[in-house]
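The values are calculated or read from the model by the stated rules, or taken from the named source; none is laboratory data. Small disclaimer: the values here were computed from a predicted structure and weren't measured. Neighbour counts are summed over all protein chains in view; Cβ atoms, including those assigned to glycine, are modelled from backbone coordinates with ideal geometry. To get the accessible areas, we keep the full protein, side chains included, count just its heavy atoms, and leave off ligands, DNA and RNA. Shrake-Rupley method; radii C 1.70, N 1.55, O 1.52, S 1.80 Å.
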Amino acid sequence: MESKNFIGGEWVSIDGKETVVYSPSNLQEEVGILYYSSDKHVFEAEKAAKEGFKIWSKMTGIERGNYLYKMAEALENNLEELAVLASREMGKPIGEMRSEVVRGINLLRYYAAEGTRSNGDIIPSSDKNVIQYSKRVPLGVVGIITPWNFPVAIPIWKIAPALICGNSVIWKPAENAALSATKLMEIFQQANLPNGVLNLIIGKGREVGNTLLENANINAISFTGSSNVGKQVASICAKRNIKYQTEMGGKNAAIILCDANIEKTIPMVLSGAFRSAGQKCTATSRIIVEEGIYSTFMKSFSEAVSLLKAKNPLLPDSYLGPVASKDQYETVSSYVKIAEEEAEIIAQGSIESDNDGYFIRPLVVVGVDTQHKLVQEEIFGPVTTVLVAKGYDEAIQLCNETVYGLSASIFTTDLSKAHRFLEEAEAGMVRVNQETAGVEYQAPFGGMKQSSSHSREQGQSALDFYSQIKTCAIKYHF
């Protein structure tokens, strides 16, 4: 498998720097070749996208929706091939990867149906004989920058609403997901979208990503990635006066109160903390336990963690695989070292692999204060920290004591405290008796504070970002 650019309806080979891609679960297994684009490819994509927009924006919503249905069908027909490639490339367990592709199929069909929905309102006029109404209209050319941890779902939950609203797209995926992106584009090519409507550029963020952001003549950017880069994206877009959307970090908390059903709670907290090797912005990286249940919960939770094994992600029973790359391994390992030196590791899983890979055993850490790095900084790996709270009030205080505000959950059978939590937790997505990860595609996705910008992804909310409102009025008796 080799990465390629897709520009103006044609595959474009990249002449330049190349890197061999090895599987993070087996560093001797070659997955493919990654080629890096130059600035010229960005401007070629910009030109193609502008031409594609002229055609795409003039189509009806129903016509655009039919193309999205074809994209969904093609993706469904190639589900297994894409899932295996993505699992080999970035290490996500195959079961999770299959589910992610299914989510992508559902997202395409969900937004395809938006082509038949009303996209405006009739507004009363103070003048006689006037019909006044509003309608959604597209932005133009949209740049999309996506991360590696959800190589199928995140690109689609940006691309699908962008397309149904009538925009053309330039997509720049993360390097660690470039092969999966190329395969996904090959699949989408089967839908025969008009040339230039959907373009793919492979390359480094600090090179082609910056060119797309700073110099290409685009109308909006949707970005998912780190908080530091997200803030730069927001600043540049604000100066250019173009629309932007940034989804960034999280330090999500799960609160366990004394009346929680421990037997049902443990699997959900375990899943939130360790599936995908903790490489989710919605991962449970803080566990806040009410002191009256602490000993009971920690005994059961530690036993469950001890049974976890990081292993080959292609095995059908794989719960978590490796982290995605050498850089990721070094970053997460630095936090593991901090945990070993400055905290107490109260529970840990194991590594079950004969191959040399970027495996990190699941860890549960205690014994640090609320301002410690392990509590405040996003680790993005299979490491979670446990804090103790005297009661609900302290638990919600600890939950909110972070610069992030993406997701939070509480486990309780007390309906009054559940409703209080939904009101008082400072997070964009709050859940009762559910893990912090796993928000459904038809619901708005996004956070508060430093986790997100001012808009939301997925659901109906995504349409607000990828369109603008035009108010129309006509005096029919003149």
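Observations on the model:
- Within segment 112-135, residues that are under 30 Å from Ala74 (Cβ atoms) have Cβ atoms under 6 Å from residues that are at pLDDT 95 or above and open to solvent by 60 Å² or more (accessible area, probe 1.4 Å) in these pairs: Ala112/Tyr69; Gly115/Ile62; Thr116/Ile62; Asn119/Lys135; Asn119/Arg136, counting only partners at least 6 apart in sequence or on another chain.
- Residue check for Ala177: closer than 25 Å to Tyr110 by Cα and of a type outside the set (Phe, Trp, Tyr): yes
- Hey, Gly95 closer than 30 Å to Phe359 by Cβ and in contact with a strand residue (DSSP E or B) (Cβ under 9 Å, 6 or more places away or on another chain) or not: no
- Scanning segment 190-211 for residues that are among the polar types (S, T, N, Q) and either open to solvent by less than 30 Å² (accessible area, probe 1.4 Å) or part of a helix (DSSP H, G or I) (or both) returns Asn199, Asn210, Thr211.
- When the residues of segment 388-421 are filtered to those that are without any contact (Cβ under 8 Å) to a residue 40 or more places away in the chain and open to solvent by less than 70 Å² (accessible area, probe 1.4 Å), the one that is farthest from His454 (Cα to Cα) is Glu394.
- Of all the criteria given as (1) closer than 22 Å to Glu46 by Cβ; (2) out of contact with any strand residue (DSSP E or B) (no Cβ under 9 Å at 6 or more places or on another chain); (3) not charged (D, E, K, R), the one not satisfied by Ala153 is (1).
- Within segment 260-297, the set of residues being open to solvent by 60 Å² or more (accessible area, probe 1.4 Å) and either out of contact with any Cys (no Cβ under 9 Å at 6 or more places or on another chain) or over 23 Å from Ser416 (Cα atoms) (or both) comprises Asn261, Glu263, Lys264, Pro267, Arg275, Ser295, Thr296.
- Within segment 269-299, the set of residues being farther than 23 Å from Asp393 by Cα, among the charged types (D, E, K, R) and under 30 Å from the mean Cα position of the chain (by Cα) comprises Arg275, Lys280.
Yes/no matrix, rows are residues, columns are (1) under 22 Å from Glu89 (Cα atoms); (2) not aliphatic (A, V, I, L, M):
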position	(1), (2)
Val289	no, no
Gly292	no, yes
Ser306	no, yes
Lys309	yes, yes
Val323	yes, no
Glu342	no, yes
Glu378	no, yes
Val386	no, no
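- Residues (more than 22 Å from the chain's Cα centre (by Cα), touching a residue at least 40 places away in the same chain (Cβ under 8 Å), farther than 30 Å from Val386 by Cβ and open to solvent by 10 Å² or more (accessible area, probe 1.4 Å)) located in segment 212-259: Asn215, Asn217
- Scanning segment 40-56 for residues that are farther than 15 Å from Ile159 by Cα and either outside any helix (DSSP H, G or I) or within 26 Å of the chain's Cα centre (by Cα) (or both) gives His41, Val42, Ala45, Glu46.
- Every condition in (1) farther than 21 Å from Pro93 by Cβ; (2) assigned to a strand (DSSP E or B); (3) of a type outside the set (S, T, N, Q) holds for Ala395 except the one numbered (2).
- Restricting attention to segment 35-65, the residues being surrounded by 15 or more Cβ atoms within 10 Å (Cβ to Cβ) and either over 22 Å from Val12 (Cα atoms) or not hydroxyl-bearing (Ser, Thr, Tyr) (or both) number 20.
- Any hit, segment 166-186, residues being at pLDDT below 95, crowded, with 24+ Cβ neighbours inside 10 Å and over 24 Å from Gly115 (Cα atoms): no
- Scanning segment 447-468 for residues that are outside any strand (DSSP E or B), open to solvent by less than 10 Å² (accessible area, probe 1.4 Å) and of a type outside the set (A, V, I, L, M) yields a count of 6.
- Considering the conditions (1) closer than 26 Å to Arg98 by Cβ; (2) under 22 Å from the mean Cα position of the chain (by Cα); (3) open to solvent by 10 Å² or more (accessible area, probe 1.4 Å), Pro322 is excluded by exactly one of them, (3).
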